[in-house]
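J.: Let me begin by handing over the structure; questions about it come next.
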Amino acid sequence: MPHILVAGELHPSGIELLRERSDVTFDYVREVSEPSYAPLIDAADGLVIRTQPLSAETVKRAARLRIVSRHGVGYDSVDLPSLDERGIALAVVGDVNSVSVAEQAMMLLLAAAKRVIRSDRAVRDGDWGWRNRLESIELWRKRLLIVGFGRSGRHLARMATGFGMDVRAFDPFLADRGWPDESVSPVASLPEGLARADYVSVHAPKGDRPVIGAAELAMMKPTAVLVNTARGGVVDESALIAALSGERLAAAGLDVFDDEPPSPGNPLFAMDRVILSPHIAGLTAECAERMAVASVQNVLDFFAGRLDPALVVNGGLADGR
């Protein structure tokens, strides 16, 4: 009988899925940290994990482990080579949070453009005259560049089109495979796209270096707005702070950070042209339930021999029988 370790608090629907089963046992650790679940890893045949790390050292201790299921689609906190070395499958949940991420990106675009923090503060502080400074700007007929044109990027494109924006996208991977959306044109290069954009929203995966670094920020208009709902490190945070401080960028909206949570002294906290949220783009109530159910179902499907191979991101076998 497979034993499953759930590491990190899940929506109750995911846990109920396990409680209903008589053919598996499970441990449930609500705290989202590696030290909290590591002592139980040696008994686990399957692991459902939130955003906390899964290090090579912990994998080494997991003698029985055969399947890891991420509560989401990113896996940069998982030591993939150590799983590959053991033939342990790593699964993600597929398309369950792209709408939520796109909505968060749209909200950040609007909030940054409308200077929501300054607007709110003006009312609370009795500075009614702030309205006459005309700091708020429109999205209508502005140029939006979406960097990374996967599912969330495509949802955002449809939303932004509804606001009358001129949408373009950059995704070299899709450009090689065939562009997926005839209504949105690709830009020839990232520098070209950044130079023409009034707004930039980042939906690209994390790589070895930032997708948007100091050089890329320098290509943008000083009136431009940058939004990141992808991953911390996809945008060079230090370079972004420098660009905002030097008024080489108008505003930003950030859901992700280099360090999470950010340190109390992070300079972004003092910038009222920056809208911040605590990595919640994919954490609506509806999405949390979908991710919990899907991540648990992946493990159950693995041991039943019917896990969808398209959800396995490494060389691990999708058949756990």
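The values are calculated or read from the model by the stated rules, or taken from the named source; none is laboratory data. Quick caveat, the model's predicted, so the values are computed rather than measured. Here the Cβ is made from the backbone with ideal geometry for all residues, glycine too, and neighbour counts use every protein chain on show. Quick note on the areas: whole protein, heavy atoms, side chains included, nothing else; ligands and nucleic acids left out. Shrake-Rupley method; radii C 1.70, N 1.55, O 1.52, S 1.80 Å.
J.: Which pairs turn up if I take residues in region 68-90 that are under 20 Å from ASP42 (Cβ atoms) and look for partners that are aromatic (Phe, Trp, Tyr) with beta carbon separation below 8 Å, at least 6 apart in sequence or on another chain?
T.: The qualifying pairs are SER69/PHE302; ALA89/PHE302; LEU90/TYR75.
J.: Given region 17-134, what strands (runs of 3 or more DSSP E) lie entirely inside it while holding 2 or more residues that are closer than 27 Å to GLY207 by Cα, touching a strand residue (DSSP E or B) at 6+ places or on another chain (Cβ under 6 Å) and open to solvent by less than 10 Å² (accessible area, probe 1.4 Å)?
T.: Qualifying strands (runs of 3 or more DSSP E): 46-49, 67-70, 89-91.
Condition check ((1) free of Cβ contacts under 8 Å to residues at least 40 places away in the same chain; (2) closer than 26 Å to ALA105 by Cβ) across all residues:
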| residue | (1), (2) |
| --- | --- |
| ALA252 | no, yes |
| PRO261 | yes, yes |
| LEU276 | yes, yes |
| CYS287 | no, yes |
| SER295 | no, yes |
| LEU300 | no, no |
| ALA310 | no, yes |
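J.: Give me a count of the residues in region 242-284 that are in a strand (DSSP E or B) and in contact with a Lys or Arg (Cβ under 9 Å, 6 or more places away or on another chain).
T.: 2
J.: Anything in region 199-222 that is out of contact with any strand residue (DSSP E or B) (no Cβ under 7 Å at 6 or more places or on another chain) and touching a residue at least 40 places away in the same chain (Cβ under 8 Å)? List them, or say none.
T.: Matches in region 199-222: PRO205, LYS206.
J.: Here's a follow-up. Which residue out of PHE257, PHE302 is modelled with pLDDT of 95 or more, open to solvent by less than 50 Å² (accessible area, probe 1.4 Å), within 19 Å of ALA7 (Cβ to Cβ) and of a type outside the set (Val, Ile, Thr)?
T.: Checking each option against the conditions leaves just PHE302.
J.: Same structure again: Going through region 140-152 one residue at a time, which ones are of a type outside the set (Gly, Ala, Ser), part of a loop (DSSP other than H, G, I, E, B), at negative phi and out of contact with any Leu (no Cβ under 7 Å at 6 or more places or on another chain)?
T.: Selection gives TRP140, LYS142.
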